[in-house]
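Nothing in this text is a laboratory measurement; each read-out follows from the coordinates by a stated rule. Being a predicted model, the structure only gives us computed values, none of them experimental. Quick reminder, even Gly has a Cβ in these numbers, built from the backbone with ideal geometry, and neighbours come from all protein chains shown.
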Amino acid sequence: MRATYGARDRQRGVAASVAWLVEELGELAQAVRKGDRADQLHELGDVLAWLASVADQLDVSLDEAANRYADGCPRCRSTPCRCP
């Protein structure tokens, strides 16, 4: 994503990119409600792209963030989660 959109994303800024991410999440929610698989796939792709953009701007590795869940729930450390 950095190679394709990085300069443009940095110019836009983190706050605006988060706003776009939230908008795309809303569009994903609509696609889920409608049950249209093609729209769901499209919107999931958009959500992932904006999430990657935000992570890049924050210099956060999505791999590291996902690894919080590598050993199960990060709160209770169980798989499946046993949190109340």
In the range 46-64, residues that are more than 19 Å from residue 20 (Cβ to Cβ) and outside any loop (DSSP other than H, G, I, E, B) total 2
Filter the range 1-56 for residues that are in contact (Cβ under 8 Å) with a residue 40 or more places away in the chain and touching a Leu at 6+ places or on another chain (Cβ under 7 Å); which is surrounded by the fewest Cβ atoms within 10 Å (Cβ to Cβ)?
14
Which residue pairs have Cβ atoms under 8 Å apart, sit 6 or more places apart or on different chains, and have a first residue in the range 58-84 that is of a type in the set (S, T, N, Q) and a second that is surrounded by 10 or more Cβ atoms within 10 Å (Cβ to Cβ)?
61/55; 78/72; 79/71; 79/72; 79/73
Can you name the residue in the range 57-82 that is surrounded by 10 or more Cβ atoms within 10 Å (Cβ to Cβ) and among the hydrophobic types (A, V, I, L, M, F, W, C) and, of all such residues, is nearest to the chain's Cα centre (by Cα)?
62
